[in-house]
1. Rounded to the nearest 20 Debye, what is the dipole magnitude of the chain about its Cα centre when Lys and Arg each give +1 and Asp and Glu each give -1 at the C-beta?
2. Calculate the spin-label point distance for R145 paired with C6, positioning each point 7 Å from the Cα along the beta-carbon direction, and give it in nanometres.
3. Check the cysteines of the chain one by one and keep only those with no other cysteine Cβ under 4.7 Å from their own.
4. As an exercise, identify the GluC sites (Glu not before Pro) in the stretch 1-94 lying in DSSP coil whose Cβ has no more than 12 other Cβ atoms within 10 Å.
5. Could you pull out every residue, at least 5 positions away or on a different chain, whose amide H is within less than 5 Å of the one on K36? Hs are placed 1.01 Å off N in the peptide plane, and Pro or chain starts have none.
6. Got a sec? How would K87, K62 order by Cβ neighbour count within 10 Å, fewest to most?
7. What net charge is computed for the residues neighbouring Q101, neighbours being all others with C-beta under 15 Å from the C-beta of Q101, Lys and Arg scored +1, Asp and Glu -1?
8. Could you give me the ³J(HN,Hα) list for the stretch 68-78, computed from phi with Karplus coefficients 6.51, -1.76, 1.60 and θ = phi - 60°, whole Hz, x at Gly and Pro?
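No lab work stands behind these numbers, since they all come straight from the coordinates. Being a predicted model, the structure only gives us computed values, none of them experimental. Backbone-built Cβ (ideal geometry, glycine too); neighbour counts: all protein chains shown.
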Amino acid sequence: MHCPFCRHPDSRVIDSRSTEDGAAIRRRRSCPECGKRFTTQETVLQMVAKRSGVTEPFMREKIIAGVRRACQGRPVDEDALALLGQKVEEAIRATGAAEIQSHGIGLAILGPLRELDEVAYLRFASVYRGFESIDDFEKEINALRGRDSPE
Ligand SMILES: [Zn+2]
C-alpha cells in the first residue's frame, strides 16, 4: 500500500491488532521514505449475489440510489436517505455473512423505508416482493393501515 502522505509505493507494518468485536484488523504502518505513520483497516468484504449470478461488493451508495428512485416526488431529504443507508448497512454487517443475496438486501431496506415514507415503501415493496396484482397492493396497504390504527 502506498504512503498517503508522499505516495511512496511501499510501507512497513509496525503493529497489527484485531478490533474489539473481532470484525476487523487494524495495522499501524510507517513509510520508509517520509517516516510518517498511518493506519489501515482490513475487514471482510461483504458480497452481494445478484440474480444474474454476478457478485459485487456491498455498497451503501447503491442502496441509497435505489431508495432515492422509490422516493421521487416524496418529501424525503438526503439526510433521511443517508440515515436509511446507514441502517441497512448496519443490518447487513450484523449478519456477518460473506455473501448476501440481492433479495435479502431488498428485504433489509423494507423495514426502515416503511418508517420513512409509506408511498415510497409501497413502490419499493411492489418490486422486491414481486407484487403481481392490485390485490397484492391492497393487502400491503391494509397491513400499513392496520399498523397505524391498531384497533
Ligand atoms: Zn511517505
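1. The calculation lands at about 860 debye.
2. Between C6 and R145, the label points sit 7.1 nm apart.
3. C71
4. E20
5. Sorted by chain and number, the residues that satisfy this are C31.
6. The order, fewest Cβ neighbours first, is K62, K87.
7. +2
8. Per residue, the Karplus-derived 3J(HN,Hα) values read 4, 4, 5, 8, 4, x, 9, x, 10, 9, 4 Hz.
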